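This report refers to the structure that appears directly beneath it.
Bear in mind that the values in this text are calculations on the coordinates, not laboratory data. This one's a predicted model, so the numbers in the text were calculated from it and none came from an experiment. Neighbour counts run over all protein chains shown; Cβ positions are idealised from the backbone, glycine included.
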Amino acid sequence: DLATFSERVETLQKELDESNVYSRDCTIGDAWLTIDNFVTRLDILENEAQDLIELQELLEASVVNFAILPACRDELNNLKQVWETVRIIDDQQIEWKRHRWQKMNTKYLREETNKQLDIIKALPEDVFTWDVYMGLHESITTIQECLPLIDDLSNPAMRTRHWKQLVRVTGGAVQVDNDTLKRMTLGELLSLGLQKHVDDVRAIVQRAVKDLIIEKSLKTYEEVWLSKIFELREHVRNKMLAATEKTMTGETVGDAQSETSESASHQQGTAASRSQNRTTSRVSNQSSQSRTRRTSVSSLPQSLVLIGEVCIPI
């Protein structure tokens with residue numbers, strides 16, 4: 001009986017140590033089911049141990065390590081405290097995360113997260129090395145680390161293009177536009193992992209502030225120029241150029257007219273000369289023709305005589 005009981009006790013301890021109840025990945029529901037199961041088994045073993053302790057003392061043997069039972073009891077009590085704390089803090093954080101991040105009071109969140117840290121630090125020191133405890137501590141510090149960044153991102157200088165840069169830097173997959181930014185919750189903002197890119201986030205915010213200053217300056221310049229009334233006047237230099245061009249145009253026209261007159265006179269002289277030459281040529285031709293006719297008439301009888309001589313027979 002003592003050997004069998006000892007085996008059951010050691011099995012309980014081993015299964016408890018190897019259970020998922022120490023991990024942050026374990027859900028609250030599963031954790032409580034596991035704890036309740038071990039508590040029930042431990043209760044049974046503790047009830048049986050009362051008689052077996054006396055038996056082992058009578059036999060003066062050391063078969064069962066009864067110290068395991070109170071150690072398991074302390075372990076289960078610590079697990080209950082941790083998981084009850086996880087439930088309380090998790091409920092608070094879930095409530096915060098479902099609200100829009102732009103409406104969150106960062107001062108209030110800072111105070112509440114400090115209270116949460118005080119609560120978990122008050123837990124038994126034995127639990128500080130448990131993964132579930134470290135996960136709980138990390139969830140609180142993550143919110144605290146993001147609070148200054150939330151203040152920075154609330155700057156009105158932040159535009160959609162700056163948020164797109166922020167998403168690219170953090171490696172997120174959120175589609176950013178004006179509607180998305182308005183509806184974004186604290187939980188969605190925390191899911192970007194801003195606390196891992198503090199320097200990049202602040203650099204983007206500073207760039208946004210500089211862009212806003214430039215935009216305001218340009219708007220001021222635009223308003224100033226739009227308020228001005230300008231009157232168009234002809235420049236003095238333009239007047240002088242116009243007068244000079246007019247004078248040069250007049251001289252050019254005068255020169256052209258002179259050249260035209262000279263050309264016309266030259267053409268008239270040439271035409272008169274040609275007319276005179278034609279008249280002289282006609283008179284010369286007429287005189288030549290008259291001389292030719294006179295020569296023909298005077299030589300006519302001689303021709304006839306020659307013809308007569310040819311026609312008379314010998």
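Mind scanning 103/219; 164/210; 14/80 and naming the pairs with a C-alpha gap bigger than 27 Å?
103/219
Would you please name the trypsin sites (Lys or Arg not before Pro) within the stretch 91-195 that are DSSP coil residues with at most 12 other C-beta atoms within 10 Å of their C-beta?
The qualifying sites are 98.
List the chymotrypsin sites (Phe, Trp or Tyr not before Pro) within the stretch 195-235 that fall in a DSSP loop (any state other than H, G, I, E or B) and whose Cβ has at most 14 other Cβ atoms within 10 Å.
Counting only loop positions with at most 14 other Cβ atoms within 10 Å, the chymotrypsin sites (Phe, Trp or Tyr not before Pro) in the stretch 195-235 are 230.
Can you list the lysines whose alpha carbon is less than 20 Å from that of residue 107, not counting same-chain residues fewer than 8 positions off?
97, 115
What GluC sites (Glu not before Pro) does the stretch 1-81 have in DSSP loop regions with at most 13 other beta carbons within 10 Å?
Loop-located and lightly packed - 60.
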